[in-house]
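Structure first, commentary second.
None of the figures in this text is laboratory data; all of them are computed from the coordinates on show. Everything numeric here is computed off the predicted structure, so don't read it as measured data. Quick reminder, even Gly has a Cβ in these numbers, built from the backbone with ideal geometry, and neighbours come from all protein chains shown.
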Amino acid sequence: MLNKVCVLTIKVRDLKESLEFYTNVLDFKVSKQYGEKIVSLVHNEVPIVLEEVETVGVGRNQVLLGILSEDIEKDFRQLKDKGVKVIFDEPMPCPPGRYFIIEDPNGNQLEIVEFSNMN
């Protein structure tokens, strides 16, 4: 079932500036750095990830809700079969495993994530 939120991604224009805000103003701590453009913050409940992207603004989610998948291939097929708009042709790799993005009826994007690279 796809009914468990597993990550919250915040799209930012400038990762360095955003880290300054989230760590020095809001007192979050960095949990893990995934390359130059993705940082995970320490959070007791749902992980919060800052991701630097080139375009932030109107028509794009700035906050992306991640929903946990236990079987990414099965969920991918089932959602396509139900007529859900799937953004990718197949699940894609990401630092913690694999993911794909769907859109709700209002155009909001939701990330479906399977954690398979977590050791």
### Task
Show the residues, 5+ positions off or on another chain, whose built amide H is closer than 5 Å to the amide H of S31.
S40, L41, V42
### Message
Cut-off under 13 Å on the C-alpha distance; same-chain residues fewer than 8 positions from K4 excluded. Which aspartates and glutamates are left, in chain and number order?
### Response
E45, E70, E111, E114
### Task
Please sort by residue number the chymotrypsin sites (Phe, Trp or Tyr not before Pro) in the range 1-100 whose DSSP state is loop and whose Cβ has at most 16 other Cβ atoms within 10 Å.
Y34, F88
### Query
So which lysines pass the test for K11, namely a Cα distance under 23 Å, with those fewer than 8 places away in the same chain ruled out?
K29, K32, K37, K85
### Query
Leaving out same-chain residues fewer than 8 places away, which aspartates and glutamates sit with a Cα under 13 Å from that of K16?
E36, E51, E52
### Query
Which log10 I(q)/I(0) values, to two decimals, does the range 5-115 give at q = 0.10 Å⁻¹ under the Debye formula with one point per Cα?
-0.31
### Query
Which is the longest part of the chain that has none of the GluC sites (Glu not before Pro) sitting in a DSSP loop with at most 12 other Cβ atoms within 10 Å?
71-119
### Task
Kindly provide the trypsin sites (Lys or Arg not before Pro) of the range 13-119 that DSSP labels as loop, not H, G, I, E or B, and whose Cβ sees at most 13 other Cβ atoms within 10 Å.
R13, K29, K37, R60, K82
